[in-house]
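The values are calculated or read from the model by the stated rules, or taken from the named source; none is laboratory data. Predicted, not measured: the structure shown is a model, and the values here were computed from it. Reconstructed Cβ throughout: ideal geometry from the backbone, glycine too, with neighbour counts over all protein chains shown.
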Amino acid sequence: MRKGFSPTLAFYLGKRYLTSLFLTTIVLSTLVFILEIVEISRKLGAKEGIESTLGLKLVLLKMPDMILQIVPFVILLGTLICFAKLTKDQELTAIRACGLPARQFLIPPIIVCLAIGAFNILAVNPLAATMLKQYEHIHNEIFPGSTQGLVTSGGQIWLKQKEKDRDILIYAQNVINNGHELENATLFIFNADGSFKMRIDTPKMKLKEQRWVLKDVVKIEPRKASKKQPIYILPTSLKPETIRNSFTSPNTLSVWQLHKFIKLLKSTGFPSQKHELYWQKLMASPALILAMFLLAAPFSLHFSRSRGTGVLLLLGLCFGFLFYFFTNLVTTQGLSGAISLAVAAWLPTVIAGFLGLAFFLHFREE
């Protein structure tokens, strides 16, 4: 390093940058919190007998996951604000007067970005997954869906189906054709009042248009002899996509659990693209944070000398929306199979990183 770049200066720049990110996180988190409170209050307003503090509890449980999602935008806006403020206070002018190039005095903020990326994966992600799992549990009790699913450690599945006049609990050892067929299944059917109605065993059952078609069934009813039947039709409101969506969402699994759960999904025959894509995005998140910094830094260093902070923020918001739209587009292509999941997860990060490096060279901020 050139003369004048001391550890004290590095610590000061890192501290200023971290403070800017912290304040930006507070502002954006507050906006997200208000929007979530309004939305959950609207949904809970139609329910009776709900505690007044339940909405606040649900939002607080969801917030760590929401904060993880807005981190790239925090980095983008926080970087623009930090360097605009340093320029306004003439501190960057003094640093440049010492002969320090941008590639040196940007090292402390880069280290901060990498530390935030590692901290998010190792600490915030497990916390967010645990709290979001509690959120979904409470949410599902208040707003029950038509089915709930569970994949066991052995690869078997359990499905709970709610109908108007009965509840059906389905256990199956194997899943075929993305949820259209189940093998070696047992069904426990209960009346609406919770009393047991019958048990059905079948080697194979197929999900067709609003009905299960069971083959070679054995029916067992209370106080009756078991009966064998070649075909049994059971009406249902389930669809294959409903069954797939009923299982654990990737956001409720920590980085330590996700890879194992992907293997379980594959062993049961269910598609795992959504979970694999989330895993890839999680691995790419530290690089994405660094890419957002590389993209924002040259703009803030170049335009802050001639334009106000408001222009920079507007520029950052515009790019944030474009990046969000592009990321969703690539994600959709990845889930549809048009491109590989790794490409879908890493492409926005790679493009943002190379654009940032290109702007550094273009604005001669290197």
**Message:** Quick check on G269: is it surrounded by 19 or more Cβ atoms within 10 Å (Cβ to Cβ), of a type outside the set (A, V, I, L, M, F, W, C) and at pLDDT below 85?
**Reply:** yes
**Request:** Kindly check whether there is at least one residue in segment 138-148 that is modelled with pLDDT of 75 or more, within 29 Å of the chain's Cα centre (by Cα) and not β-branched (V, I, T).
**Result:** yes
**Count of residues meeting criterion [within 14 Å of Y12 (Cβ to Cβ) and either surrounded by fewer than 15 Cβ atoms within 10 Å (Cβ to Cβ) or not assigned by TED's automatic domain parsing to the domain that holds A297 (or both)] in segment 91-106** = 2
**Message:** Quick test for you: out of K57, K85, K62, pick the one residue that is farther than 27 Å from L282 by Cα and out of contact with any Cys (no Cβ under 6 Å at 6 or more places or on another chain).
**Reply:** K85
**Request:** Please note which helices (runs of 4 or more DSSP H) are completely contained in segment 1-101 and include at least 3 residues that are modelled with pLDDT under 95 and among the β-branched types (V, I, T).
**Result:** 7-44, 54-88
**Complete:** Per the filter on segment 27-50, residues over 12 Å from M66 (Cα atoms) and in contact with a Leu (Cβ under 8 Å, 6 or more places away or on another chain) are I37, I40, L44, I50
**Message:** It is to be established whether one or more residues within segment 343-356 are modelled with pLDDT of 85 or more, loosely packed, with under 14 Cβ neighbours inside 10 Å and assigned by TED's automatic domain parsing to the domain that holds P108.
**Reply:** yes
